[in-house]
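One structure is given below, encoded as structure tokens.
The values are calculated or read from the model by the stated rules, or taken from the named source; none is laboratory data. Source: prediction; values computed, not measured. Glycine also receives a Cβ, built like all others from the backbone with ideal geometry; neighbour counts cover every protein chain displayed. All accessible areas refer to the heavy atoms of the entire protein, side chains included, with ligands and DNA or RNA removed. Shrake-Rupley method; radii C 1.70, N 1.55, O 1.52, S 1.80 Å.
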Amino acid sequence: MTGDVRVLVVDDQALIRAGLRGVLESEPGITVVGEAADGDGAVRRVREGGIDVVLMDLRMPRVDGVAATRRLTADPGASRDVAVLVLTTFETDEHVLSAVAAGARGYLGKDSPPEALIDAVRVVARGETLLSARAMTTLAAHATRAVAPPPPTRSSLDPLTDREREVVLLVARGLSNDQIAARLVISPLTAKTHVNRSMTKLGVRDRAALVVTVHASGLLDAP
């Protein structure tokens, strides 16, 4: 995308909204264009247009974050280019699975540092997925339990090069492409290319499925 990332901050507490606005607007290229105190207000504001990312709390009165996310991803009156990034104090299995199933593109805990929030906003605005390490683990465990056939073994990752294995291991630990690039001293574009090639080789369609495959392979437990 080009231009500033336009963010809608959704939280039922005014002080938290003000704090998030301050963090986001201190970063060049990110503009907070509105606020909402509940999910219903968020949906109405998104329908007005001009929103790239909705920073969504989960626990709110009237319409909560999960219900609002579901409405945004299913309602033709809302822009399908809008990404929902959940920011919450609740990272239980139930909340993670509900938010992802509703269509959230990102999931972070409110204890995340400001730089992680800023990075997440940029990542989901580009159309990528970013989940916290805890959310990734929850999703992977749930998906693995739901698979009827025996779990894949490490041999399932044989199609990958050594570098691709390094990259998918970091994906499974919750790192974004930018964070992977910094860790491995490569460009973000190269990191994204490695992720995309790995998904193609392993026959998975998205980042969440890639995480499931890595967890099931045992690669995370390797020394």
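Here is how the numbers come out for the structure above:
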| quantity | calculated |
| --- | --- |
| Residue 73 being among the polar types (S, T, N, Q) and at pLDDT 95 or above | no |
| Meets criteria (aliphatic (A, V, I, L, M), touching a residue at least 12 places away in the same chain (Cβ under 8 Å) and out of contact with any Pro (no Cβ under 7 Å at 6 or more places or on another chain)) for residue 15 | no |
| Answer residue from the stretch 197-223, given it is of a type in the set (Lys, Arg) and assigned to a helix (DSSP H, G or I) and is modelled with the lowest pLDDT among those | 207 |
| Filter pass, residue 80 being at pLDDT below 85 and farther than 20 Å from residue 178 by Cβ | yes |
| Which numbered condition residue 96 fails, given (1) of a type outside the set (D, E, K, R); (2) at pLDDT below 90; (3) in a loop (DSSP other than H, G, I, E, B) | (3) |
| Pairs with Cβ under 7 Å, 6+ apart, first in the stretch 190-208 and without any contact (Cβ under 8 Å) to a residue 40 or more places away in the chain, second open to solvent by less than 60 Å² (accessible area, probe 1.4 Å) and assigned to a loop (DSSP other than H, G, I, E, B) | 198/160 |
| Filter pass, residue 122 being among the charged types (D, E, K, R), touching a helix residue (DSSP H, G or I) at 6+ places or on another chain (Cβ under 9 Å) and open to solvent by 30 Å² or more (accessible area, probe 1.4 Å) | yes |
| Extreme residue, surrounded by the most Cβ atoms within 10 Å (Cβ to Cβ), among residues of the stretch 32-58 that are assigned to a loop (DSSP other than H, G, I, E, B) and within 18 Å of the chain's Cα centre (by Cα) | 57 |
| Within the stretch 1-19, considering residues that are in contact with a helix residue (DSSP H, G or I) (Cβ under 8 Å, 6 or more places away or on another chain), of a type in the set (A, V, I, L, M, F, W, C) and surrounded by 14 or more Cβ atoms within 10 Å (Cβ to Cβ), the one nearest to residue 102 (Cα to Cα) | 10 |
